[in-house]
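Following: one structure in structure tokens, then a few remarks.
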Amino acid sequence: MSENSARSVTVERTGTGHFVATNTRGGTISFGTGSDSEFTPVELLLAALGGCTAVDVDLATSRHAEPAAFSVEVSGNKINDEFGNRLTDLAVTFTVTFPDGEGADRARAILPRAVKTSHDRLCTVSRTVEIGTPVTATVEDA
């Protein structure tokens with residue numbers, strides 16, 4: 001594994017049902033159980049799916065034209081079955097418009113390919129979810 005391949009965040013409890021995740025650059029995001037407006041972990045997963053592919057698509061299209069509108073809706077169904085709690089029917093839907101002009105025409109033309117390339121190869125989050133990666137949970141002595 002190369003030196004630049006490791007990724008990590010630290011999650012700390014800030015109160016009953018409330019947590020803060022901190023990345024290695026010092027950025028933070030709060031989340032919780034859904035008892036208030038904070039994101040839940042499931043909503044963070046949906047945001048990560050949409051955000052990862054949105055970054056890829058934005059980089060590919062915005063070099064040709066600045067979008068007039070750019071939104072990504074990510075949805076899924078939370079179920080409980082013989083595999084436990086999980087999401088099914090995950091869908092990532094882009095709504096992107098560009099103004100008139102030559103650069104915008106190029107951006108519109110590559111938009112479908114950019115979405116497909118992100119989904120099929122580039123977006124680490126969706127690739128990990130689709131392929132499946134084992135998760136190890138341990139308890140460390142304090």
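The values are calculated or read from the model by the stated rules, or taken from the named source; none is laboratory data. No experiment lies behind these values; they were computed from the predicted model shown. Cβ: placed from backbone, ideal geometry, glycine included. Neighbour counts: every protein chain shown. Ligands, DNA and RNA are stripped out before the accessible areas are found, and what is left, the full protein with its side chains, is counted by its heavy atoms. Shrake-Rupley method; radii C 1.70, N 1.55, O 1.52, S 1.80 Å.
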Subject >> the chain: calculated mean residue ellipticity at 222 nm from DSSP helix runs of at least 4, using -39500 (n - 2.57) >> reply: -10500 deg cm²/dmol
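On average, how much accessible surface per residue is there in the stretch 41-142, in Å², for a 1.4 Å probe, leaving out ligands, DNA and RNA? Write out the running numbers ahead of the final one.
Numbers: 7050 Å² over 102 residues.
With the other protein chains kept in place, the stretch 41-142 gives 69 Å² per residue.
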Original post:
Counting only Cα, what are the radius of gyration and maximum Cα-Cα distance Dmax of the stretch 77-142, in Å?
Top reply: 18.7, 61
Subject >> Loop chymotrypsin sites (Phe, Trp or Tyr not before Pro), the stretch 60-110 (other Cβ atoms within 10 Å of the site Cβ: 10 or fewer; DSSP) >> reply: 83
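May I ask you to rank 131, 79 by accessible area, largest first, using a 1.4 Å probe over the protein chains only? Write out the running numbers ahead of the final one.
Numbers: 131 120, 79 55 Å².
The ordering from most to least exposed comes out as 131, 79.
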**OP:** Give the peptides 9-18, 114-123 in descending order of average Cβ contacts within 10 Å, highest first.
**Re:** 114-123, 9-18
Subject >> Inter-label distance for residue 14 and residue 40, nm, one decimal - labels placed 7 Å from Cα along Cα-to-Cβ >> reply: 2.0
Original post:
In whole percent, how big is the carbon plus sulfur part of the accessible area of the chain, probe 1.4 Å, protein atoms only?
Top reply: 53
**OP:** Estimate the FRET efficiency between residue 106 and residue 4 by the formula 1/(1 + (r/R0)^6), using the beta-carbon distance for r and 30 Å for R0, to the nearest 0.05.
**Re:** 0.40
Subject >> Cα coordinate range in the chain, projected on the principal axes (Å, largest first) >> reply: 60, 38, 31
